[in-house]
Amino acid sequence: MSHYAVEIDPTNLNTSHGQVIDLLGDAHRVLDVGCWAGDLGRLLIERGCRVSGFELDPAAAAIAAEHLESVVVGDLDSAPLSGHFEAGSFDAIIFADVLEHIMDPVGVLADSVRLLAPGGRIVISIPNVTHGSLRLALLQGRWRTTDTGLLDRTHIRFFSRDSLLQMVADAGLVTTELRGTTADPLGVEVDVDPGDLPPGVLAWVRTRPDAMVYQFQLAVRPAREGEVPTEPELVVGKDPRWVRPGPSAEGFMTAAWRAELVERDRVIGLESTAETATAEARRLRGVEKRLRSRVAELEQAAQQEPAPSTVRRTAGRVRRRLRRR
């Protein structure tokens, strides 16, 4: 959608675009529904994909058409997507921040299946209405819409994890991968007054299921006949334990909260040190393996014929080095 134009970092899996790109896998022919000015499409083209677009805004579509293979201007609420493209022509279809804006997302998903090639997939990104910020805002009687984000004023549908998976199932699809981007309840755009929260509520909300998940990303495919779908495990782009609150929470931070953040930083540092030590240990094991192999070669040579003094000295040095290790 137009107001979601952002700088895309495909390496950051704690962003919806990063997760969407990762979920595309080896898809080559891609349809980006709600492509706006083609920012995501251009990045996919650089990666070797052939990308077409579908966009509601004619001005944005004109910009996208300068880069994408083809762009269709249309309204998902008034005409089926399958009427604009050839059946079976895409390996993947992207609905990134789109389905929450339309009247019949189930119908749109079911219709889009016609455009998938055999083995194709649909990739979805959608906001999580059960994010902790919205839980806290409702406790304070707040539901204030914004230009972007969880309470974007153009949203007409809201999804939890359960309702999202149910929508996919109702469209005759099976969820094969379930991802999530994480954000602290006080680190997003939702209007929450930290100073007006009862003691302990913020800490409690952070521990609730999906309360740290800002958006869900899914890879789905058509269900096979007789298939009984199972819910895949949620994989998040960033461990919620290391997600920080935003600047608005600075004045509200208690001493215990600040101490917790300091401890988080210390643990992150220790984990980094441990990773470095593990890599060094692997390197040293490789050196040891090569040295032992060299000793074996020298000993074998010495058994076959009288060892020259240089060979004996070399073997002795290697044995002493191994003993020290």
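The values are calculated or read from the model by the stated rules, or taken from the named source; none is laboratory data. No experiment lies behind these values; they were computed from the predicted model shown. Glycine also receives a Cβ, built like all others from the backbone with ideal geometry; neighbour counts cover every protein chain displayed.
For the structure I just gave you, tell me whether VAL174 is assigned to a helix (DSSP H, G or I), in contact with a strand residue (DSSP E or B) (Cβ under 8 Å, 6 or more places away or on another chain) and without any contact (Cβ under 8 Å) to a residue 60 or more places away in the chain.
When the stated conditions are applied, VAL174 does not pass them.
On the stretch given as the range 186-221, residues that are assigned to a loop (DSSP other than H, G, I, E, B) and in contact with a strand residue (DSSP E or B) (Cβ under 7 Å, 6 or more places away or on another chain) total 3. How many residues does the range 127-171 hold that are farther than 18 Å from PRO209 by Cα and either out of contact with any Ser or Thr (no Cβ under 9 Å at 6 or more places or on another chain) or assigned to a loop (DSSP other than H, G, I, E, B) (or both)? Counting residues in the range 127-171 that are farther than 18 Å from PRO209 by Cα and either out of contact with any Ser or Thr (no Cβ under 9 Å at 6 or more places or on another chain) or assigned to a loop (DSSP other than H, G, I, E, B) (or both) gives 19. Of the residues screened, LEU202 is one that is more than 25 Å from VAL33 (Cα to Cα) and surrounded by 17 or more Cβ atoms within 10 Å (Cβ to Cβ).
Within the set ALA277, ALA301, the sole residue that is surrounded by 11 or more Cβ atoms within 10 Å (Cβ to Cβ) and either at pLDDT below 75 or of a type outside the set (Lys, Arg) (or both) turns out to be ALA301. Does ASP111 fit the bill of being assigned to a helix (DSSP H, G or I) and over 18 Å from the mean Cα position of the chain (by Cα)? Yes.
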